[in-house]
Amino acid sequence: MKVLVEKNYEAISKTAGRIFIESIASKPDIVLGLATGSTPIGMYKEMIRAYEEEGLDFSKVKTFNLDEYVGLSQEHPSSYAYFMDNELFKYININKENTHVPDGKAENIEEYCKRYDEMINEAGGIDIQVLGIGENGHIAFNEPDEALSAGTSVVKLTENTIEVNSRFFDSLEEVPKTAITMGMGSILRARKIILLASGEKKAPVIKRLLNDNKVTTMFPVSFLLLHPDVTIIVDEEAYNG
Ligand code: F6R
């Protein structure tokens, strides 16, 4: 695992943005794995800047998002589909048909989850995946548990995650209790993984990830230790606490 420690949030956003921008420039039909949450927003701003100022072309880029709440439509302002439109897609020349966020309203959700992994495979697999990290070590919505799904699946969110994510909703009660998430296998099949963390709240999990040489389902991010091409980009607060 490669670790890059940057001064602050702006610096991690620039560094991660640069990696994505260069990857898109060298492979215009690249398949990106994208995340929501607060952390990648600055990186998305960098990508928008590259589109506006450097003419970066997204017309052939395909994207797959990690997760979505069950029950929320794409138009719901707290849905991850809505988030992606408003933080990235509507500002760049991406073809909306090439963007994929799991469908929280899918009728046969189990079938849909299988189909989501197939769609990723049919697109050629994810070239580069960005991840945030939960304070409990979750990646995507793979929460600490006795077993983790290999493929995309429906998962129950922990009380902790519901509480932390309630900042994106009007009230705690409105946060859905289940979500669709790419599984650990879906994530680990990405050719390259960039994990971003910012702020002192993430320091304990980053410390554990970098010091504990153990893989356990109770600490989902530890599975990244098995991947051959992971770059962790953290700011000083997330690194030192
Ligand atoms: C979002 C996702 C989550 C977040 C994580 C960190 O698509 O999969 O795992 O990456 O909860 O969220 P932030 O960045 O808000 O701290």
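All of the numbers you see were taken from the coordinates with simple rules; none came from a lab. Nothing here was measured: the structure is a model prediction, and the numbers come from that model. Quick reminder, even Gly has a Cβ in these numbers, built from the backbone with ideal geometry, and neighbours come from all protein chains shown.
A few points about this structure:
- The residues packed around T231, meaning those with a beta-carbon under 11 Å from its beta-carbon, carry a net charge of +1 if Lys and Arg are +1 and Asp and Glu are -1.
- In terms of surrounding Cβ atoms within a 10 Å radius of their Cβ, V230, V101 rank from fewest to most as V230, V101.
- When the alpha-carbon atoms of region 65-120 are used, the pair Rg, Dmax equals 11.5, 33 angstrom.
- Kirkwood Rh and Cα Rg combined as Rg/Rh, region 114-153: 1.02
- Rh by Kirkwood over Cα pairs, then Stokes-Einstein D for region 20-105 at 1.306 mPa s and 10 °C, µm²/s: 121
- Exposure proxy for D67, D145: other Cβ atoms within 10 Å of each Cβ, ordered fewest to most, give D145, D67.
- Charge tally around E174: other residues with Cβ under 14 Å, Lys/Arg +1 each, Asp/Glu -1 each, net -1.
- Extension gain, I109 to E163: 0.36 nm times the residue separation minus the Cα-Cα distance gives 17.0 nm.
- Lys, Arg +1 and Asp, Glu -1 on Cβ, resulting dipole of the chain about Cα centre, debye, nearest 20: 660
- Around the amide H of T99, modelled in the peptide plane, lie the amide H atoms of T63, all under 5 Å away and 5 or more residues distant in sequence or on another chain.
- For K201, neighbours were defined as the other residues whose beta-carbon sits under 9 Å from its Cβ, and their charges (Lys and Arg +1, Asp and Glu -1) total -2.
- Pairs from the list K14/K90; K114/K192; K45/K201; K90/K214 with a Cα-Cα gap above 30 Å: K90/K214.
- Spin-label pair E22/V215, simplified geometry with 7 Å Cα→Cβ offset, distance in nm: 2.8
- Its residue count N fixes a reference of 2.2 N^0.38 Å for region 2-240, and the Cα radius of gyration divided by that reference is 0.94.
- Ellipticity estimate at 222 nm from DSSP helix runs (n ≥ 4, -39,500 (n - 2.57)) divided over the chain, nearest 500: -9500 deg cm²/dmol
- Sorted by Cβ neighbour density within 10 Å, fewest at the top, the residues R208, R189: R208, R189
- Classified by the C-alpha gyration tensor, region 131-241 has an oblate form. Its axis ratio a/c, with a ≥ b ≥ c, is 1.5 or above, and a/b does not exceed b/c.
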